[in-house]
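Just below is one structure, and these are the notes that go with it.
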Amino acid sequence: MIFPRGLGDLREILEEAGKEGEALFVMGRGTNLLVQDGGIRGTVINLSRGLKDIRLADNGAEAGAGVSLSRLADRTAQANLSGLEFAAGIPGTVGGGIKGNAGAYGGSIDRVLEDVWVMDWQGQEHRFSREVLAFSYRSCVLPREGIIVAAHFGLQKEELALIREKMEDFQNQRRKGQPLRAKTAGSVFKNPPGGYAARIIESLGLKGKTIGGARISKIHANYIENLGGAKASDVMALIELIQGKAQKELSLRLDLEVQVVGEG
């Protein structure tokens, strides 16, 4: 696993990987990631320790891919910039948030993103506007493959007190309804059209179900907690149990929001 500090490091990594024919996997903080027990074969580029610059303007903010969404929400709030309140408390990075079109409480990345900078596998940078990105629920497809390195968000001026009020409200909702103190990989399933994955899992009688060291959260059923020593296979067994029961009893397909990678 390599932690590039800046664009120069990233280009060097890509150049060396290209020479060696090394398989690459790019990640941020891994907050919505489940790595299988066999691990990842190849080079992992972890952006969580670099690309952390933030530049503020009157009508928006530019941030590196390694900036945490929570930190960006806080910094923009301090500058009286509104639009990222929903990101307060989201632990992932800007890069991962864009790839997963992160969102909460009626807000999402696609509503505020204006431009994104991508470094392709040859180390060349490209700038893409919001219009050419293929956004959907918890997904974003780039027009060219590569690594998101920075983004510009369009925001609006607002009174700090009003921004803070929204952020505190969202944070209170998180504290009441999510297992924030537990070890989880975030939301496991996407919400199906017209419904909520957590309510569906609870209706199947699976809330609190435990396999090995993993448990479907008693606080929010769309989270799977590591009780201590859980294997990825324990988490996958719960995922398959949920999907199987939802399909059998409700004829409903639940699609994963958590990204599963590596070898089982």
Condition (residue is of a type outside the set (Ser, Thr, Tyr), under 21 Å from ALA161 (Cβ atoms), buried (at least 19 other Cβ atoms within 10 Å of the Cβ) and touching a strand residue (DSSP E or B) at 6+ places or on another chain (Cβ under 9 Å)) applied to the range 63-75: is it met by at least one residue? yes
Matching residues in the range 170-190 (outside any helix (DSSP H, G or I) and among the charged types (D, E, K, R)) number 3
Quick count over the range 191-206, residues being assigned to a loop (DSSP other than H, G, I, E, B) and surrounded by fewer than 17 Cβ atoms within 10 Å (Cβ to Cβ), is 7
Inset, instruction - Inspect the range 35-42 for any residue being hydrophobic (A, V, I, L, M, F, W, C), outside the structural domain of VAL112 (by TED's automatic domain parsing) and closer than 24 Å to GLY262 by Cβ and give the result as yes or no. - result: yes
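If we only count strands (runs of 3 or more DSSP E) wholly inside the range 60-152, which ones have 3 or more residues that are modelled with pLDDT of 95 or more and of a type outside the set (Gly, Ala, Ser)? Lay out the reasoning, then the answer.
Working: elements: 60-64, 113-119, 125-129, 134-136, 139-141.
In the range 60-152, the matching strands (runs of 3 or more DSSP E) lie at 113-119, 125-129.
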Taking the range 9-59 and keeping only residues that are touching a residue at least 60 places away in the same chain (Cβ under 8 Å), part of a helix (DSSP H, G or I) and surrounded by fewer than 17 Cβ atoms within 10 Å (Cβ to Cβ), one is left with ARG11, GLU15, GLY18
Residue hits (the range 234-258; more than 25 Å from the chain's Cα centre (by Cα) and not in a helix (DSSP H, G or I)) are SER251
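The values are calculated or read from the model by the stated rules, or taken from the named source; none is laboratory data. These figures come from a predicted structure and were not determined experimentally. All Cβ positions, glycine included, derive from the backbone under ideal geometry; neighbour counts span all protein chains shown.
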